[in-house]
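What follows is a short report on a single structure.
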Amino acid sequence: MARIKIKEILKGELIDQTVTVKGWVRTFRNNSFIAVNDGSCIHNIQAVVNFETADPETLKRLTPGACIGITGKLIKSLGKGQTVEIVVSDIEIYGDAEADVSKPNSYPLQPKAHSLEYLREIAHLRFRTNVFGAVFRVRHTLAYAVHKFFNDKGFLYLHTPIITSSDAEGAGEMFRVTTLDPKAPPLTENNEVDFKQDFFGKATNLTVSGQLEGELGAMAFSDVYTFGPTFRAENSNTTRHLAEFWMIEPEMAFFDLKDNMALAEEMLKYVITYALENNKDDIEFLSQRLLDEEKNKPQADRSELSLLEKLNFCLGNEFAKITYTEAINILRESNHNKKKKFQYIIDGWGADLQSEHERYLVEKHFKKPVILTDYPKDIKSFYMRMNEDGKTVAAMDILFPGIGEIIGGSQREERLEKLEARMKDMHIPTEEMSWYLDTRRFGSCPHAGFGLGFERLVLFVTGMTNIRDVIAFPRTPNNCEF
RNA sequence: UCCCUCUUAGCUCAGCUGGUUAGAGCACAUGACUGUUAAUCAUGGGGUCCCUGGUUCGAGUCCAGGAGAGGGAGCCA
């Protein structure tokens with residue numbers, strides 16, 4: 001008999017029919033009620049077995065984590081708590097899971113609450129929990145929605161390289177890619193590692209951004225995006241940084257900064273809406289989980305809005321849009337600053353904003369997502385377009401409550417002389433980047449783009465607080481398990 | 001990389017100003033019960049108190065160093 005997924009069965013359309021489900025036991029209660037989950041949705045199906053007639057040896061093996069197949073008639077549930085249930089006529093056990101914790105290799109997930117830190121240590125099994133099941137279904141939906149959004153708008157999905165030889169992107173420390181013998185690498189006359197003898201005949205690294213290649217694509221296809229893994233060898237130990245993360249980077253010809261901002265806002269709202277529509281149960285579960293968690297906190301530390309309210313609020317309001325200069329003025333005039341409550345007091349113009357300032361703007365002042373634009377040129381990258389004032393560049397950062405910077409983008413400098421001058425100022429070798437400068441030499445055009453940290457988006461939509469909990473196998477300094 | 005906190009049973013934690021036999025809930029095992037909702041009830045087993053060294057008559061508790069984890073900062077997405 002063909003197996004049917006639990007998500008389908010719970011629709012209740014197959015009532016009075018014989019069905020087969022396959023999945024993993026969550027709990028086995030009262031020697032009668034098996035809760036089975038197959039990952040198709042947050043909910044379990046309840047299968048009722050008659051313990052008086054069933055084989056006692058089989059019943060003993062129905063422990064949490066065991067993989068089973070169940071065949072039986074789907075009926076309206078005789079109990080409360082679920083609409084339908086299966087009256088078991090046959091059980092097949094595909095794989096046992098040792099329940100006795102005194103034995104080695106017993107199943108580490110018990111029918112009880114586990115800490116996220118503990119589950120992180122068994123990341124290979126945490127998908128089998130409600131929380132991570134929900135998180136990764138939402139992650140999947142968001143990824144799909146990103147592709148759908150750009151495809152429907154006529155963007156081309158460009159696969160930018162993972163291994164690159166350019167180390168001038170300036171986005172962060174890079175991971176070296178080499179096949180040279182680490183103990184005895186070939187050396188040059190100057191006693192330096194001779195990368196001419198390396199696999200590619202030159203020094204290579206894992207990409208820190210697909211943006212520069214994305215710009216090449218935009219100069220031919222008009223609208224492109226990349227969505228792939230990105231690597232940063234920064235020694236960052238925070239709840240919002242990974243050494244390996246997934247980034248979405250659209251690049252659009254004939255877009256200025258305003259167009260760029262509008263697209264970013266539209267995309268964020270689109271994918272959040274898509275997740276709310278397609279993963280309603282998962283997000284409701286995650287929302288409830290946060291409420292339960294906050295019950296233990298003092299009133300003052302609880303969030304004003306639930307996760308669902310927060311998402312809907314974000315969808316229902318325009319993002320605040322202000323320039324860096326306006327932000328500095330708001331911060332300088334704030335009571336918070338006057339009472340010297342910031343660790344870094346705002347005084348002059350030109351310094352980068354600290355996390356506490358960004359949080360103040362988003363969480364206290366505007367109480368919604370904020371797009372900050374037109375930063376001082378000295379704190380931003382070489383490729384950002386110089387504004388008329390000669391002091392600021394056409395950059396934009398989108399700041400989200402609880403997350404901070406979720407998107408960084410800009411209108412790019414399309415004028416060859418200005419770009420070369422900037423690169424010279426910032427000591428970026430123009431010879432190596434000649435392929436990039438070719439876009440400005442041959443049919444240059446105004447264009448813009450941005451980078452969205454996918455995991456940060458997943459954090460926001462799931463209400464999780466540690467980025468290690470929204471990627472399957474997190475890579476962080478000193479950690480590359482699984 | 002810097003600052004702060006934590007590390008006690010399989011898991012989540014309690015353990016006071018150092019005091020002799022280290023506790024609870026859950027999980028697990030056995031039995032009972034049988035329409036449960038992380039079932040319930042009874043009984044039972046289970047500990048290198050992270051590691052190393054020190055102070056002390058005596059250290060889970062105090063001190064030093066180390067390891068691991070968490071939170072915050074910086075770098076950013």
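Just so it is clear, none of the values below were taken in a lab; they were calculated from the coordinates. Just so it is clear, the structure is predicted and the values come from calculations on it, not from any experiment. For neighbour counting, all protein chains shown are included, and Cβ atoms are generated from backbone atoms with ideal geometry for every residue, glycine included.
Structure notes:
- The convex hull defined by the C-alpha atoms of chain A has an orientation-averaged projected area of 29.7 nm².
- Here's how it looks for A:GLY404: its modeled amide H is under 5 Å from none belonging to a residue 5 or more places away or on a different chain.
- Antiparallel bridges, percent of DSSP beta bridges restricted to chain A (to nearest 5): 85
- q = 0.14, 0.20 Å⁻¹, segment A:6-112: log10 I(q)/I(0) [Debye, one scatterer per Cα]: -0.51, -1.02
- Taking the helices alone, chain A has a mean residue ellipticity at 222 nm of -8500 deg cm²/dmol, built from -39,500 (n - 2.57) per DSSP H run of at least 4 residues and averaged over all its residues.
- For A:GLU431 and A:LYS364, a Förster radius of 56 Å and the Cβ-Cβ distance give a FRET efficiency of 0.70, rounded to the nearest 0.05.
- Rule-of-thumb Rg ratio for segment A:176-244 [Cα; 2.2 N^0.38 Å; N residues]: 1.53
- Loop trypsin sites (Lys or Arg not before Pro), segment A:64-133 (other Cβ atoms within 10 Å of the site Cβ: 12 or fewer; DSSP): A:LYS80, A:LYS112
- The label-point distance for A:GLU52 and A:GLU294, in a model that sets each label 7 Å from Cα toward Cβ, rounds to 5.0 nm.
- Cut-off 11 Å, label 7 Å out along Cα→Cβ of A:ILE15, residues of segment A:81-104 by amide N: A:83-85
- For segment A:1-56, trypsin sites (Lys or Arg not before Pro) meeting the loop criterion (DSSP other than H, G, I, E, B) and having at most 15 other Cβ atoms within 10 Å: A:LYS5, A:LYS11.
- Rel. contact order, % - alpha carbon contacts under 8 angstrom, at least six apart, chain A: 13
- Alpha carbon centroid spacing (whole Å) that separates segment A:274-322 from segment A:449-471: 14
- Residue-wise HN-Hα coupling along segment A:23-37, computed from phi with Karplus coefficients 6.51, -1.76, 1.60 (Hz; x: Gly, Pro): x, 10, 5, 8, 9, 10, 9, 6, 6, 9, 10, 9, 9, 10, 10
- Dipole of chain A, positive direction: furthest Cα of A:GLY453, A:VAL88, A:PHE400, with charges on the beta-carbon: A:VAL88
- Rounded to whole Hz, the Karplus (6.51, -1.76, 1.60) HN-Hα couplings of segment A:383-389, x for glycine and proline: 8, 7, 6, 5, 7, 4, 6
- For the listed peptides A:396-404, A:344-352, a ranking on the average number of other beta carbons within 10 Å per residue, highest first, reads A:396-404, A:344-352.
- Dmax and Rg, reported as Rg then Dmax, of segment A:273-384 (C-alpha, Å): 17.5, 48
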